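The values are calculated or read from the model by the stated rules, or taken from the named source; none is laboratory data. Quick caveat, the model's predicted, so the values are computed rather than measured. Note that each Cβ is placed from the backbone with ideal geometry, even for glycine, and that neighbours are counted across all protein chains shown.
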Amino acid sequence: MFLIRSPPLSFSLFLRCQRASLHTPFSKTLNSTYVPPLGLSASAAMSSSAGKRSINDVLMGNARAAAAAKKSNKGAPSSSSSQTKKVKTLEQCFGAKEKSKEEPPISDKPEEMAVEKAENVKREEMAVEEDKDLVVEAELKGALKKKVNSMESGNSSSPKKPKTLAACSKSNNAQEKTLKPCKEEKKTQDQDAETDPVDEKKASLELKKKGENFDPKKAAFWKPGEPVPFRFLAYALDLISNESGRIVITEILSNVFRTVMATTPGDLLATVYLAANRIAPPHEGIELGIGDAALIKALGEAYGRNDDQVKKQLKELGDLGLVAKMSRSSQGRMLSYFGNSQKKKSQNLTITKVLDTFRTIAKESGKDSQNKKREHIKALLVAATDCEPQYIIRLLQSKMRIGLAEKTVLVALAQASVYSEKSSKNQASLDEAAGIIKQVYSVLPIYDKIVPELLKVGVLKLQEACDFSLGVPVGPMLAKPTKAVSEILDKFQGTEFTCEYKYDGERAQIHCMEDGTVEIYSRNAERNTGKYPDVVNAVSRFKKPTVKTFVLDCEIVAYDQEKHRILPFQVLSTRARKGVVISDIKVTVCTFGFDILYLNGQPLLQEPLKVRREHLYSSFEEIPGIFQFATAITSHDLEEIQKFLETAVNSSCEGLIIKTMDKDATYEPAKRSNNWLKLKKDYMDSVGDSLDLVPIAAFHGRGKRTGVYGSFLLACYDEQNEEYQTICNIGTGFSEAQLEERSASLRSKVISKPKAYYRYADTMNPDVWFEPSEVWEVKAADLSISPVHRAANGIVDPNKGISLRFPRLLRVRDDKNPEQATTSDQVADMYRAQKINHANDNDDEDDD
């Protein structure tokens, strides 16, 4: 910063004053902080500390003393001191002293000559030091004045800055000239600085406008064709985090996409990926492989903090993203104080840069891969400003924490496309466009194909451009629950339908390519090929020679090869998830095929089930215990179906799946259709089906349960509003080991406060809140209207929700994510069905 060669004590105290000013108004610091006179020695400075002086007093006193010394020197005889010329530049100030025009007389005695010579040298050195101090004081005062102006400019209530430079400038005009180029250089740097963040945030507030009133040009703070800054997306995510209404959130995100489409359409793909909290299609299996420990270390190294400091703040805030934001903010204040806060435009993070770096991190492998990943993260954090660090960390954690679901991203993208195509004659409505985008994504869940085609052909022609693709898993078709065989006959009256065993295993989609390569995907489109190498090897055995390519919808279940019987799901769940070696397999499996979606280059989604089933039976051969077709019957006889249900249950199956054969019998990806119904073995209970619920909070245990959570607050998922609604407290159905396991698993998901998209009663005060992360399968004795819980609020009762009575835990659903939990509409349907059955039971009793 400034070179102050003497005294060192003054400089150290001045630095202390600088650090204090980071948290203290500068006007107060200037008038209260003591700094010894720059001209004093270290000992003199310490001795004078009894009478404390402000910076202002010190500099003014030094200036006056210097001026008085100069004046007295002018009236003194030339022989008494070695008078010098005034210093004109910094170099001259610190360089050799000019010789005096009048040399002092030389004595005849050698001893006197030596003494006089030493005195002259001493006087000369003192004069040089005096000039140095004057220059440094002037330069220092200039810097202080700049600091005052930058920190208190525009504040009419702030006191006037002391005009302490006046005296210095009059007596040191030459020195002031030397400081002028420095000021001009600083001004040039400021002109090159990036856009004012305040202006950027004002522009981003435009995103909150309704679609019809939104102007993309006003929201963009970059020029058309330039890369979109990551700050733009970060500001938008920050706006969304403060909203709870689904319509408002969708409009904000739609406006983000519209702005990118209007300025830099090439960045739309990267923007969509980051908004959806993805770096690649799910079936590609690309993972960042970053844990919180690595993020904490990278964050600390990037912002000059140790791990303990970061962990302590994380414990206080409960969000590593917020820790990153605050760490960057603190560092920014310090850098700003020393004049290093401005970043050039070339250093700005862009959306494409962030996504590319994420993908690079995911690809790092082998020796020192964690160190390399950490270096990439540090580079992002160092370049990040404002709220960028917060969302960089959250994206790396795959936890946005703002309630932005992927369905909202799809709807926002559809709306953005409609508004951007307003000049087109054939224009889709917002709802129609949303339906098209969702349908296309369910068949081809790859943004790399959808987004470019959307920009190219528009939303109305998107389905033609994006069709089923081999090797890309489609969303599985799902069934709605039903409670009784009689209900099935009522719903499918006059329609041909079939009943199949509902197996208690893992849903799978097997893709066989032209080159013979086989891939297996889960219901979440995750790549499970490494989990089932034995199934991959068996494909060549059960497919017929005429079959070259296919996509098979099936269920993989644990199977006892010796006793030829199906084993419970709990046995299958003990199998390793990745990198399974065939020789190490202890849990053998059998594949039960029930549908075929693609055969020899021909998609079959639009074919009725009867046709698809014919293709299925003609393309594969059963191998007992390895591959079998799902057991099925076609009947309209109530007693026959009832008996078939009992046989299914006795065969270790969950129940039956009932499907239409001809009418409305196409395959509907990612939909829970009325054309598929599930009848589980618990249909005779009050609640015919179990529910998949999400733990969002907990209460501390007491007595024997001290040290673990005693009960948990569970919620269903509202697809329409994309929110979690409480449905019950659960504290039963746990063994001690299960309770400890669930408590340990959820402790890492604790957050400081409930999410904006949680719906719960004001009277409910859990001890801790959780990030939505797990899905629990729960069984209950009954459903009832509740004034406390918010599940299906307004659907069945205008002011009340629905709750579960006597819930108990069955298992944890590792194959589902929170957004696939039981929906509020399903809860309402189950309540209505229960009410009808109760009414029927009462009628029967009356008849008896």
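Here is how the numbers come out for the structure above:
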quantity: Check on residue 689, within 30 Å of residue 596 (Cα to Cα), of a type in the set (Asp, Glu) and crowded, with 16+ Cβ neighbours inside 10 Å; calculated: yes
quantity: Considering residues of the stretch 453-504 that are among the basic types (Lys, Arg) and outside any loop (DSSP other than H, G, I, E, B) only, the residue farthest from residue 831 (Cα to Cα); calculated: 456
quantity: Selection count, the stretch 577-622, where residues are β-branched (Val, Ile, Thr) and either touching a Gly at 6+ places or on another chain (Cβ under 6 Å) or closer than 16 Å to residue 662 by Cα (or both); calculated: 2
quantity: Residue within the stretch 523-539 that is in contact (Cβ under 8 Å) with a residue 60 or more places away in the chain and in contact with a Ser or Thr (Cβ under 6 Å, 6 or more places away or on another chain) present; calculated: no
quantity: Residues that are in a strand (DSSP E or B) and surrounded by fewer than 18 Cβ atoms within 10 Å (Cβ to Cβ), drawn from the stretch 700-722; calculated: 700
quantity: Condition check for residue 714: in contact with a Cys (Cβ under 9 Å, 6 or more places away or on another chain) and in contact (Cβ under 8 Å) with a residue 24 or more places away in the chain; calculated: yes
quantity: Selection status of residue 433, free of Cβ contacts under 8 Å to residues at least 40 places away in the same chain, on the phi < 0 side of the Ramachandran plot and surrounded by 24 or more Cβ atoms within 10 Å (Cβ to Cβ); calculated: yes
quantity: Output for the stretch 555-568, where each listed residue is in contact (Cβ under 8 Å) with a residue 60 or more places away in the chain, surrounded by 19 or more Cβ atoms within 10 Å (Cβ to Cβ) and in contact with a Phe, Trp or Tyr (Cβ under 9 Å, 6 or more places away or on another chain); calculated: 555, 566, 567
quantity: Residue 811, sole failed condition from (1) surrounded by fewer than 21 Cβ atoms within 10 Å (Cβ to Cβ); (2) at pLDDT below 90; (3) outside any strand (DSSP E or B); calculated: (3)
quantity: Considering residues of the stretch 740-782 that are buried (at least 21 other Cβ atoms within 10 Å of the Cβ) and in contact with a Leu (Cβ under 6 Å, 6 or more places away or on another chain) only, the residue nearest to residue 401 (Cα to Cα); calculated: 770
quantity: Extreme residue, farthest from the chain's Cα centre (by Cα), among residues of the stretch 428-464 that are under 22 Å from residue 283 (Cα atoms) and hydroxyl-bearing (Ser, Thr, Tyr); calculated: 442
quantity: Lone qualifier among 616, 605 - being surrounded by 20 or more Cβ atoms within 10 Å (Cβ to Cβ) and either within 45 Å of the chain's Cα centre (by Cα) or in the same structural domain as residue 553 (by TED's automatic domain parsing) (or both); calculated: 616
quantity: Any pair with Cβ under 7 angstrom, 6 or more apart, that starts in the stretch 187-216 at a residue that is more than 23 Å from residue 418 (Cα to Cα) and assigned to a helix (DSSP H, G or I) and ends at one that is basic (Lys, Arg) and at pLDDT below 80; calculated: 192/344
quantity: Residues (of a type in the set (Ser, Thr, Tyr) and touching a strand residue (DSSP E or B) at 6+ places or on another chain (Cβ under 7 Å)) located in the stretch 695-716; calculated: 709, 711
quantity: Condition met for residue 604 (of a type in the set (A, V, I, L, M), at pLDDT 95 or above and in contact with a Ser or Thr (Cβ under 7 Å, 6 or more places away or on another chain)); calculated: no
quantity: Residue satisfying condition, being in a loop (DSSP other than H, G, I, E, B) and either touching a residue at least 60 places away in the same chain (Cβ under 8 Å) or under 35 Å from the mean Cα position of the chain (by Cα) (or both), within set 551, 571, 547, 587; calculated: 547
quantity: Failed item, numbered, when residue 628 is tested on (1) in contact with a Cys (Cβ under 9 Å, 6 or more places away or on another chain); (2) outside any helix (DSSP H, G or I); (3) in contact (Cβ under 8 Å) with a residue 60 or more places away in the chain; calculated: (3)
quantity: Hits in the stretch 723-739 - residues which are surrounded by fewer than 19 Cβ atoms within 10 Å (Cβ to Cβ) and over 17 Å from residue 810 (Cα atoms); calculated: none
quantity: Boolean, residue 595 is outside any helix (DSSP H, G or I), in the same structural domain as residue 652 (by TED's automatic domain parsing) and within 35 Å of the chain's Cα centre (by Cα); calculated: no
quantity: Residues of the stretch 209-255 classified as of a type in the set (D, E, K, R) and within 20 Å of residue 718 (Cβ to Cβ), total; calculated: 3
quantity: Selection from the stretch 518-535 of residues that are surrounded by fewer than 19 Cβ atoms within 10 Å (Cβ to Cβ) and more than 35 Å from the chain's Cα centre (by Cα); calculated: 534
quantity: Residue in the stretch 669-676 that is surrounded by 18 or more Cβ atoms within 10 Å (Cβ to Cβ), in contact with a helix residue (DSSP H, G or I) (Cβ under 8 Å, 6 or more places away or on another chain) and either touching a residue at least 60 places away in the same chain (Cβ under 8 Å) or part of a loop (DSSP other than H, G, I, E, B) (or both) present; calculated: yes
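Residues checked against (1) aliphatic (A, V, I, L, M); (2) in the same structural domain as residue 826 (by TED's automatic domain parsing); (3) more than 29 Å from the chain's Cα centre (by Cα):
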| site | (1), (2), (3) |
| --- | --- |
| 659 | no, no, yes |
| 663 | no, no, yes |
| 667 | no, no, yes |
| 671 | no, no, no |
| 674 | no, no, yes |
| 712 | no, yes, no |
| 722 | no, yes, no |
| 734 | no, yes, yes |
| 742 | no, yes, no |
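Yes/no per residue for (1) β-branched (Val, Ile, Thr); (2) buried (at least 16 other Cβ atoms within 10 Å of the Cβ); (3) without any contact (Cβ under 8 Å) to a residue 40 or more places away in the chain:
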position: 442; (1), (2), (3): no, yes, no
position: 446; (1), (2), (3): yes, yes, no
position: 482; (1), (2), (3): yes, yes, no
position: 487; (1), (2), (3): no, yes, no
position: 494; (1), (2), (3): no, no, yes
